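Novice: Got a structure here, written out as structure tokens. Questions coming.
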Amino acid sequence: MAKTQETAAGSRLEVVTFKLGEEEYGIDIQKVQELRGYDAVTRIANAPEYIKGVVNLRGIIVPIIDMRIKFKLGDPTYDQFTVVIVLNIAGRVVGMVVDSVSDVITLTGEQIKPAPEMGSVLDADYLIGLGTLDERMLILVDIDRLMSSDEMGLVEKIAA
């Protein structure tokens with residue numbers, strides 16, 4: 001939340017951009033621990049469909065969330081471009097499966113527009129806004145709020 005106010009004040013937001021289906025998203029690079037290829041995961045019984053399972057990342061058990069399933073963007077396909085963005089949120093490590101990672105860009109306050117209210121798949125509570133860069137439009141996700149939301153609370157239970 002503080003990030004939105006800082007950005008509006010004219011500072012810069014550095015984001016990692018990634019694709020899910022035809023859309024391009026951005027998350028704060030400071031939350032990204034590393035990028036990895038998609039590996040097999042260990043399924044967890046009775047976990048929501050979007051939680052693919054867990055992986056052992058250098059001794060840390062990391063829940064892996066498939067964002068395409070989470071945002072109801074069709075059936076995910078896993079290929080050589082599929083990436084797991086390993087996030088560090090409030091001291092917890094979570095993996096997020098995306099179709100591909102594009103690049104890292106820096107947006108100025110002027111390039112970030114408020115997200116319109118449109119009852120979309122992605123609740124506006126989880127959006128920082130829309131980033132515009134030339135002809136590109138990025139959906140800027142407040143990954144902290146999304147991953148710590150009540151419905152994603154299971155992630156914390158698995159990780160604990």
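The values are calculated or read from the model by the stated rules, or taken from the named source; none is laboratory data. Everything quoted here is computed from the prediction, not taken from an experiment. Methodologically, a virtual Cβ is constructed for each residue, glycine included, from the backbone with ideal geometry; neighbour enumeration extends over all protein chains shown. Heads up: the accessible areas ignore ligands, DNA and RNA and are worked out on the full protein's heavy atoms, side chains in. Shrake-Rupley method; radii C 1.70, N 1.55, O 1.52, S 1.80 Å.
Novice: On the basis of being charged (D, E, K, R) and either in a loop (DSSP other than H, G, I, E, B) or modelled with pLDDT under 95 (or both), does Glu49 make the cut? Please lay out each step first, then the result.
Specialist: Values: charged (D, E, K, R): yes; either in a loop (DSSP other than H, G, I, E, B) or modelled with pLDDT under 95 (or both): yes.
Taking the combined requirement at face value, the residue satisfies it.
Novice: Could you grab me the full set of residues in the stretch 46-67 that are hydrophobic (A, V, I, L, M, F, W, C) and over 14 Å from Leu146 (Cβ atoms)?
Specialist: Initial filter on the stretch 46-67 (hydrophobic (A, V, I, L, M, F, W, C)): 47, 51, 54-55, 57, 60-62, 64-65, 67.
Result: Ala47, Val54, Val55, Leu57, Ile60, Ile61, Val62, Ile64.
Novice: Is there any pair with a first residue in the stretch 30-59 that is small (Gly, Ala, Ser) and a second that is part of a loop (DSSP other than H, G, I, E, B) and open to solvent by 50 Å² or more (accessible area, probe 1.4 Å) whose Cβ atoms are under 8 Å apart and which are 6 or more apart or on different chains, and what are they?
Specialist: Gly37/Gln80; Gly53/Arg43; Gly53/Ile44
Novice: Tally up the residues in the stretch 12-44 that are in a strand (DSSP E or B) and either of a type in the set (Phe, Trp, Tyr) or out of contact with any helix residue (DSSP H, G or I) (no Cβ under 7 Å at 6 or more places or on another chain) (or both), please. Show your work before the answer.
Specialist: Applying the first criterion (in a strand (DSSP E or B)) to the stretch 12-44 yields 12-20, 23-28, 32-37, 42.
Applying the additional criterion that residues be either of a type in the set (Phe, Trp, Tyr) or out of contact with any helix residue (DSSP H, G or I) (no Cβ under 7 Å at 6 or more places or on another chain) (or both) yields 12, 17-19, 23-26, 32-37, 42.
Matching residues across the stretch 12-44 total 15.
Novice: Condition check: surrounded by 18 or more Cβ atoms within 10 Å (Cβ to Cβ) and within 17 Å of Asp144 (Cα to Cα). Does Leu13 satisfy that? Let's see the steps before the verdict.
Specialist: On the way: surrounded by 18 or more Cβ atoms within 10 Å (Cβ to Cβ): yes; within 17 Å of Asp144 (Cα to Cα): yes.
In short, yes.
Novice: Within the stretch 68-95, work out how many residues are assigned to a strand (DSSP E or B), open to solvent by 70 Å² or more (accessible area, probe 1.4 Å) and over 18 Å from Ser149 (Cβ atoms). So that I can check it myself, show each step before the final result.
Specialist: Kept after step one, since they are assigned to a strand (DSSP E or B), are these residues of the stretch 68-95: 83-89, 92-95.
From the residues that got through so far, the ones that are open to solvent by 70 Å² or more (accessible area, probe 1.4 Å) too are 92.
Those still in the list that are over 18 Å from Ser149 (Cβ atoms) too: none.
Counting residues in the stretch 68-95 that are assigned to a strand (DSSP E or B), open to solvent by 70 Å² or more (accessible area, probe 1.4 Å) and over 18 Å from Ser149 (Cβ atoms) gives 0.
Novice: Just checking, does the stretch 109-125 include any residue being among the β-branched types (Val, Ile, Thr), farther than 21 Å from Val93 by Cα, at pLDDT below 90 and touching a Lys or Arg at 6+ places or on another chain (Cβ under 7 Å)? Reasoning before the result, please.
Specialist: Here is the first cut: in the stretch 109-125, the residues among the β-branched types (Val, Ile, Thr) are 112, 121.
Next cut, farther than 21 Å from Val93 by Cα only: 112, 121.
Applying the additional criterion that residues be at pLDDT below 90 yields 121.
Applying the additional criterion that residues be touching a Lys or Arg at 6+ places or on another chain (Cβ under 7 Å) yields 121.
Taking every residue of the stretch 109-125 in turn, at least one turns out to be among the β-branched types (Val, Ile, Thr), farther than 21 Å from Val93 by Cα, at pLDDT below 90 and touching a Lys or Arg at 6+ places or on another chain (Cβ under 7 Å).
Novice: Right, next: For a quick check of your reading of the model, give me the residue pairs whose first member lies in the stretch 130-146 and is open to solvent by 40 Å² or more (accessible area, probe 1.4 Å), whose second is among the small types (Gly, Ala, Ser) and outside any strand (DSSP E or B), with beta-carbon atoms closer than 9 Å and at least 6 apart or on different chains.
Specialist: Within 9 Å, the pairs are Asp144/Ala90.
Novice: Still on this model: Within the stretch 96-115, can you find the residues that are assigned to a loop (DSSP other than H, G, I, E, B) and surrounded by 17 or more Cβ atoms within 10 Å (Cβ to Cβ)?
Specialist: Passing the criteria: Asp99, Ala115.
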